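The values are calculated or read from the model by the stated rules, or taken from the named source; none is laboratory data. From a predicted model like this one, the values you see are computed outputs, not experimental measurements. Cβ: placed from backbone, ideal geometry, glycine included. Neighbour counts: every protein chain shown. In case anyone asks, the SASA skips ligands and DNA or RNA and just uses the protein heavy atoms, side chains included. Shrake-Rupley method; radii C 1.70, N 1.55, O 1.52, S 1.80 Å.
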Amino acid sequence: MGWHQAKDGRAGPGRARMERAARSGGVPSSLMRPDIANYGGREQAYVKHHFLADYVEKLVFKVASHRDVVYVDGFSGPWKDQGENFEDTSFGIALEALRRAKQAWARLGRGDRKMTALLVEKDPQAYERLQEIIPRYPDITITTFNDDFVKVVPDLLAAIPDDAFSFVLMDPKGWKIDMHAVAPLLSRSNCEVVFNFMFTMINWSASMPNAAIQAGLEALMPATAWKAKLDDLEVVAGETVAEARKRVLVSAISSVVERLGGYPFVMETPVLFPTKDRTFYSLIYATRSTKGIEVFRDCQHATLKAQDQVRADLQTAKRDDLFGTADMFGSPMTGNEFAGRWMAEQEALAREALLNRVPIGPQSIAYGALWPPILAQYGVRKTRLGRIAAELKDRGDIRFLDWGHRKQVPDDGYRVTR
Ligand SMILES: C[S@@+](CC[C@H](N)C(=O)[O-])C[C@H]1O[C@@H](n2cnc3c(N)ncnc32)[C@H](O)[C@@H]1O
């Protein structure tokens with residue numbers, strides 16, 4: 001089964017629309033989304049690919065307006081794919097996004113962007129299947145490596161032109177990665193990273209006394225005191241032990257990516273077990289750009305909503321199996337699923353952070369300096385934070401010194417005080 005065109009009700013990619021999209025850093029036409037029919041029994045991979053498809057397409061389209069793009073897949077697979085054309089694999093999704101961006105910019109007369117994919121796969125059988133993708137994308141320069149990702153980091157670096165933008169995906173089956181060895185790749189100045197942090201496996205391994213396991217985890221999260229923090233776990237009010245352990249481990253890996261890669265903004269989005277309200281793995285995203293934060297939150301919200309729908313459909317299917325019924329109307333959403341609850345909680349925290357970060361007059365801060373750290377820390381979308389700021393202004397809690405006539409949300413240049 002193939003791709004799904006996202007039903008966002010928008011028209012096709014006319015030139016004016018594409019140029020508008022380019023200016024706003026968006027994408028020119030409907031997003032290509034993975035097809036759930038290819039993910040039976042591995043719904044968590046659908047959620048991961050939903051995020052990846054939205055994110056890579058938006059990123060590549062934006063970046064390709066001014067730079068060549070190199071996609072690096074450190075653990076590319078194919079792995080448990082069910083589609084006919086690798087459309088349910090990370091590299092299949094990325095290659096499609098590279099092609100679409102290349103075609104879009106060529107149609108706009110903006111030249112021929114060079115698109116490259118560097119795909120690493122250690123397993124010989126999977127590597128052999130990986131070769132099948134190459135003739136399907138003659139418009140993209142694809143180089144494959146049948147090796148251990150960490151070992152080929154110097155070759156990958158050598159294959160990325162200095163002025164190209166690289167997007168690195170690390171999606172291992174496990175967690176044995178020496179982050180010091182990967183650091184030179186992550187710390188390139190024009191680079192972004194998505195790392196699939198196998199939380200459940202890492203959390204479980206962290207309790208094992210085995211010295212080799214402990215050393216491996218230390219190589220993954222060096223100098224973060226992860227072990228001491230787990231041993232003296234502080235569980236804060238309203239948090240379960242599993243959530244506290246996740247907080248410690250996600251914060252450890254985030255600080256490693258921040259420190260070794262030199263990223264000011266590192267964020268996480270959870271991928272849940274298909275039928276349990278617990279994190280299966282965490283997607284860790286690192287960027288140096290405020291636009292990246294904004295795009296990440298948009299993609300995260302769309303993905304969390306899709307995740308809720310998939311989980312609700314699974315529940316319905318389970319119930320139908322049990323009672324021999326068939327729901328002809330799909331799975332209705334109550335609004336109290338994970339995404340709704342999480343977003344409400346994040347919004348309350350973001351509102352509080354916004355109030356706390358606005359300085360007392362006569363001092364003021366530009367809104368463009370205010371929103372990025374808040375959005376990097378809390379799971380709200382930029383438009384929603386802008387509306388919260390407008391509500392706080394209307395209530396008299398904060399004051400904007402430059403608010404324009406009929407404006408709904410603040411511009412970055414507006415000064416704000418309280
Ligand atoms: C979780 S799968 C990747 C799935 C793929 N990213 C996707 O979303 O479609 C991990 C892949 O990494 C490969 N692998 C495991 N260890 C590796 C290593 N050290 N270096 C490179 N590839 C490795 C496995 O054979 C497997 O195909």
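Would you check if there is a residue in the stretch 337-347 being in a helix (DSSP H, G or I), outside the structural domain of Ala369 (by TED's automatic domain parsing) and under 26 Å from Asn203 (Cβ atoms)? Scanning the stretch 337-347, I find no residue that is in a helix (DSSP H, G or I), outside the structural domain of Ala369 (by TED's automatic domain parsing) and under 26 Å from Asn203 (Cβ atoms), so the answer is no. Would you be able to say whether some residue in the stretch 311-333 is assigned by TED's automatic domain parsing to the domain that holds Asn38, buried (at least 19 other Cβ atoms within 10 Å of the Cβ) and in contact (Cβ under 8 Å) with a residue 24 or more places away in the chain? Scanning the stretch 311-333, I find at least one residue that is assigned by TED's automatic domain parsing to the domain that holds Asn38, buried (at least 19 other Cβ atoms within 10 Å of the Cβ) and in contact (Cβ under 8 Å) with a residue 24 or more places away in the chain, so the answer is yes.
Scanning the stretch 206-238 for residues that are assigned to a loop (DSSP other than H, G, I, E, B) and surrounded by 15 or more Cβ atoms within 10 Å (Cβ to Cβ) turns up Ala206, Met221, Pro222, Thr224.
Looking for something away from the ligand (no atom under 16 Å from the Cβ), in a loop (DSSP other than H, G, I, E, B) and not basic (Lys, Arg) - is there at least one such residue anywhere in the stretch 191-205? So far as the stretch 191-205 goes, no, none of its residues is away from the ligand (no atom under 16 Å from the Cβ), in a loop (DSSP other than H, G, I, E, B) and not basic (Lys, Arg).
The residues listed here are Arg100, Arg113, Arg67; of these, the one that is touching a strand residue (DSSP E or B) at 6+ places or on another chain (Cβ under 9 Å) and within 25 Å of Val182 (Cβ to Cβ) is Arg67. Of Ala302, Ala350, all but one fail to be of a type outside the set (D, E, K, R), in a helix (DSSP H, G or I) and not assigned by TED's automatic domain parsing to the domain that holds Gly379; the exception is Ala302. Checked against (1) open to solvent by less than 50 Å² (accessible area, probe 1.4 Å); (2) modelled with pLDDT of 95 or more; (3) not β-branched (Val, Ile, Thr), Asp308 passes all but condition (2).
Just wondering, is there one or more residues in the stretch 151-167 that are open to solvent by less than 20 Å² (accessible area, probe 1.4 Å), part of a helix (DSSP H, G or I), away from the ligand (no atom under 13 Å from the Cβ) and within 25 Å of Lys114 (Cα to Cα)? For the stretch 151-167, residues open to solvent by less than 20 Å² (accessible area, probe 1.4 Å), part of a helix (DSSP H, G or I), away from the ligand (no atom under 13 Å from the Cβ) and within 25 Å of Lys114 (Cα to Cα): absent. For beta carbons closer than 9 Å, sequence separation of 6+ or different chains, a first residue in the stretch 171-182 that is assigned to a helix (DSSP H, G or I) and open to solvent by 20 Å² or more (accessible area, probe 1.4 Å) and a second that is more than 7 Å from the ligand (Cβ to nearest atom) and among the basic types (Lys, Arg), the qualifying pairs are Ala181/Lys151. Does Ala94 satisfy the criteria of being free of Cβ contacts under 8 Å to residues at least 24 places away in the same chain and within 22 Å of Leu31 (Cβ to Cβ)? The answer is no for Ala94.
Residues in the stretch 91-131 that are part of a helix (DSSP H, G or I), open to solvent by less than 10 Å² (accessible area, probe 1.4 Å) and within 15 Å of the ligand (Cβ to nearest atom): Phe91, Gly92, Ile93, Ala94, Leu95, Ala97, Leu130. Of a type in the set (Ser, Thr, Tyr), open to solvent by 30 Å² or more (accessible area, probe 1.4 Å), in the same structural domain as Leu272 (by TED's automatic domain parsing) and more than 30 Å from Asp232 (Cα to Cα), is that true of Ser189? Yes, satisfied. Condition test on Asp148, is it of a type outside the set (Gly, Ala, Ser), within 11 Å of the ligand (Cβ to nearest atom), open to solvent by 10 Å² or more (accessible area, probe 1.4 Å) and farther than 23 Å from Gln103 by Cα? Criteria met by Asp148.
Would you confirm whether any residue within the stretch 359-368 is surrounded by fewer than 15 Cβ atoms within 10 Å (Cβ to Cβ), at pLDDT below 95 and among the hydrophobic types (A, V, I, L, M, F, W, C)? For the stretch 359-368, residues surrounded by fewer than 15 Cβ atoms within 10 Å (Cβ to Cβ), at pLDDT below 95 and among the hydrophobic types (A, V, I, L, M, F, W, C): absent.
Filtering the stretch 50-82 to residues that are within 8 Å of the ligand (Cβ to nearest atom) and either crowded, with 24+ Cβ neighbours inside 10 Å or hydrophobic (A, V, I, L, M, F, W, C) (or both) leaves Leu52, Asp73, Gly74, Phe75, Ser76, Trp79.
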